[in-house]
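Derivation of every value follows stated rules applied to the coordinates shown; laboratory data play no part. Small disclaimer: the values here were computed from a predicted structure and weren't measured. Cβ placement follows ideal geometry from the backbone for every residue including glycine, while neighbour counts extend to all protein chains displayed.
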Amino acid sequence: MRADGAASLTWIGGLLCLAVLLAALLAPWIAPFDPAEQSILDRLQPPGGDHWLGTDQFGRDILSRLLWGARISLTVSLGAIGLAMVVGGTIGLVSGYIGGRLDLFTMQVMDVLLSFPSLILGLIVVALLGPDLVNLVIAIALTAIAPFARIARAPTLSLKERAFVEAGRALGYSHARILFGHILPNILPEVLVMATLWLATAVRVEASLAFVGLGPKPPTPTWGGMTRDGFETILDAPWLAVFPGLAILLLVLGLNMVGDGLRDATDPKLRHE
Amino acid sequence: MAGWRAALLGAAWLVGLAWDATAQPVLRVGMAAQDVGRLDPHFATSTIDRVVVGWMFNGLVRFAPGSADPATIEPDLAERWDSSADGKTWTFHLRRGVRFHGNYGELTAEDVAFSLKKAGTAASSAFSADFRSIGSVEAVDPYTVRIVLRENVPSLLGILTNYSGGYIVSKRAAEERGDGFTRAPIGTGPFALDRVTPSQSAELVAHAEYFREAPQIGRISYRFIPSDASRDLAFQNRELDLNYGRSDQTWVNRMRQQPGVTVDIFEPAELAILNLNITQPPFNDLRVRQALAHAVNRAELVRWRGTDVSREGQSLVPRGYLGFIEAGVLPHDPVRARALLAEAGHGSGLTVKVIHTQLPEMLNMMQVVQQQLRRAGITLDLQVVEHATFHQQIRQDLSPLVYYSAARFPVADIYLTQFWHGRSIVKTPTAVTNFSHCSQADAQIDAARVSTDREEQLKLWGEAQRILVQQVCGVPLVETLLVFARRDALDYGYPLRGSMSLGPPITERTRLR
């Protein structure tokens, strides 16, 4: 019964993520208006009529900006987590496999990175590099490298002692072949589960950075930026902040549901239950 | 005689004791601020600081409360004055019995001479440039001050008002407190600073010995609430009596619908201008500057901001300033803009990198301008930075286009000199805020400043504005008025039409019913 419930939640989460993904992919075709086009006469229209979710202080259609904003959120989050997975995963693999002083040093560096809250580290990096899409990806990736390194290193430490790795060494395989051909496929499921859970964090950090004004340049629509813009007019036009806030909530919820489901599915203890 | 004086002082002390500030009403003011900055009036440059400084200090003369019109200038600390035939020597006769806050005694000519010298020195004042024409200030006797000018100025009384460098401070307090004076200033105004709690409030207490009469309000609590929404909620919940407003029609309409609330919209308006650097590409080409001017739609900007709170800019000096003329700004014509761009070799469009602040009010306005220019083929690539960084970078000449919005003393000379005179070009030793590098009207500005013939002066100021507009050194956008909302229980004691301190003056006559 409990397993059925968990599976349902995973499916609901999956559907939420799929909906956002489709919205992002199809935005150029399904968005009813140009997300940057202003119409001063139509400013602050409430939801309804031509503008299903209303308009903002410049008369821009909120639904269209939400759809286009999904692209930014997903691009930045997927890019950042992909980068963190590759860089962090490689660091963890190599560090765990080689061991010794290198491992000690690398893990201490990772501990330092882990000691910074994601948002603070993101703020520092974006403030230093400047708020554009590539820098946002780098900033968020930096916050996620350490957890990926840790999650890749732990199983590598035990896997490198296993017979199939010893056999590879005896056959004269290179370290790279053993690492990426034999150890990596065994740790990949755990890394992917981690990636799903961290995607939610990445979406949240991206939105938070945009909320404090460190998002892409205007008039590019971002969910965090839209929430910030709406916050100051919340007493005049609450829909400006409510809809992008809701979009962030649903995507983060969906990703967490999928992540939890995948974690449960790959956890041998929970699998027996 | 000595006995009489002692008796009078004793009586004054008894009156002071009998008058209890804590028994008087407390005025609660909400301000869009994290904190106050520098409360030394000669360094108070932000709106946040100017508002509160206006309640604590006096000038030799003052604008009538509720007015920003130089025609209403009247005696304040000086009860009368006279000038020599050539207009270069001025003598001010001070009121007697004016007391400073705390135990800083009676105001004398020494305090006035000290204050004006301090205001004219760059190390101790942000407004020293305004006092360039003053040759000497001396205390003739304890109640007489003589000012000698190097050259004639359009309005000496203008710079001696209760505004910017014209505020009079206590010499003894400034010398005793040194750098600490900026957070613990001493003036003669109706309210004295009690304490500042960072990120919370500045608390002011009534000056019982104020020379006009003891204020009817006992304390002012000047509360820092940076978020508009939070401040509005506090005002709606009756936790504030006076609320700094958003210059936005939607905000004004919402406030007006609330029972028992009055919205005050008043002068001076801040004129927003796109300053174009005429020495750097692409704006070193007049056709590109004209294209940009034709692309701007001022009527739409006013519609966006609101007709009650804004009006179209029609010159490179704000409307209502002495010397202002409608200078013939180029009309909105996107087709002509595209044609001019094509003529200048930008037929496929033009992209300009612009440094801009992330301050919401300025960023929002710039986004409307960005959209208007985009329709004419000009793309503004906005590099949005924190507000202090914005000010630093535009003064380093790093942006070919600078959006700047400001109000100054309402005489054309000040605006023309600070924004459009060659001596004020940024990144020079005498820099002020000339971002355009224009100096084409220097001769007219200089001649007007020293002219003693008012007609000639007005003609020269008009000529300067026409030259600058023709050269498209800048493109005026809109003028935005100041907005505050108050509970009807708050009676200023005068009709509020303008305030050079950028907030409603709270005087001895202001009361909370």
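Observations on the model:
- Seen against the Cα atoms of chain B and their longest principal axis, helix B:109-119 is set at about 20 degrees.
- Cα gyration tensor shape for the stretch B:267-481, rounded if a/c is under 1.5, else prolate or oblate: rounded
- Debye intensity ratio in log₁₀ form over the Cα atoms of the stretch A:22-102, taken at each q of 0.13, 0.25, 0.26 Å⁻¹: -0.54, -1.06, -1.10
- Label-point gap, in nm, between B:Asp179 and B:Thr121 - each point 7 angstrom along Cα→Cβ: 1.7 nm
- C-alpha long axis of helix B:2-18 to longest principal axis of chain B, angle in °: 60 degrees
- Above-threshold pairs, the threshold being 22 Å between Cα atoms, out of B:Lys88/B:Lys118; B:Lys117/B:Lys171; B:Lys88/B:Lys171; B:Lys88/B:Lys117: B:Lys88/B:Lys171
- Normalised alpha carbon radius of gyration of the stretch B:56-150 [divisor 2.2 N^0.38 Å]: 1.10
- Efficiency of FRET from Cβ geometry, B:Asp381 and B:Ala71, R₀ 56 Å, rounded to 0.05: 0.80
- A Förster radius of 45 Å combined with the Cβ-Cβ distance from A:Val86 to A:Leu41 puts the calculated FRET efficiency at roughly 0.40.
- In straight-distance terms, cross-link reach from A:Lys217 covers every one of the lysines whose alpha-carbon lies under 26 Å from its own, apart from those fewer than eight places away in the same chain; here that gives B:Lys353.
- For the stretch A:165-273, the C-alpha radius of gyration sits at 1.64 times the compact-globule guess of 2.2 N^0.38 Å, with N the residue count.
- Full extension of the chain between B:Thr452 and B:Glu312 yields a length gain of 47.2 nm, computed as 0.36 nm times the residue separation minus the alpha carbon distance.
- A Stokes-Einstein calculation at 37 °C with viscosity 0.692 mPa s, built on the Kirkwood radius of the protein assembly as shown over Cα pairs, returns a diffusion coefficient of 109 µm²/s.
- What separates the Cα centres of the stretch B:387-439 and the stretch A:3-40 is a distance of 47 Å.
- Where Rh is the Kirkwood radius over Cα pairs, Rg/Rh for chain B: 0.99
- Pairwise label distance in nanometres, A:Phe180 with A:Ile98, each label 7 Å out on the Cα-Cβ vector: 1.6 nm
- Using a cutoff of 8 angstrom between alpha carbon atoms and counting only pairs six or more residues apart, the relative contact order for the stretch A:152-273 works out to 22 percent.
- FRET efficiency for B:Asp86 and A:Ile30, using Cβ-Cβ distance with R0 set to 56 Å, rounded to 0.05: 0.15
- Highest to lowest packing among B:394-402, B:435-443, B:289-297, scored as the average C-beta count within 10 Å: B:289-297, B:435-443, B:394-402
- Across the stretch A:155-168, rounded Karplus estimates of 3J(HN,Hα) from the backbone phi angles (6.51 cos²θ - 1.76 cosθ + 1.60, θ = phi - 60°) give x, 4, 4, 7, 5, 5, 8, 6, 4, 5, 6, 4, 5, x Hz, Gly and Pro being marked x.
- Among A:Leu104, A:Leu66, A:Leu113: highest mean-square fluctuation, GNM of chain A, C-alpha pairs under 10 Å: A:Leu104
- Shown for the stretch B:387-446 is the translational diffusion coefficient from the Stokes-Einstein equation, using the Kirkwood radius over Cα pairs, a temperature of 4 °C and a viscosity of 1.567 mPa s: 109 µm²/s.
- Dividing the Cα radius of gyration of chain A by its Kirkwood radius returns 1.07 for Rg/Rh.
- Listed by chain and number, the aspartates and glutamates whose alpha-carbon sits under 20 Å from that of B:Lys427, ignoring those within fewer than 8 places in the same chain, are B:Asp130, B:Asp397, B:Asp442.
- Bridge type composition, the protein assembly as shown - antiparallel percent by DSSP, nearest 5: 75 percent
- Leading residue at positive end of dipole, the protein assembly as shown (Cβ point charges), from B:Asn297, B:Thr389, B:Val140: B:Thr389
- Between the stretch B:56-130 and the stretch A:66-128, the alpha-carbon center distance in angstrom: 62 Å
- Between B:His391 and A:Ala7, the modelled label-to-label distance comes to 6.4 nm, taking each label 7 Å out from Cα in the direction of the beta carbon.
- Between helix A:2-30 and chain A there is an angle of about 60 degrees, using the helix long axis and the longest principal axis of the Cα atoms.
- Averaged over A:32-38, number of beta-carbon atoms from partner chains that fall within 10 Å: 2
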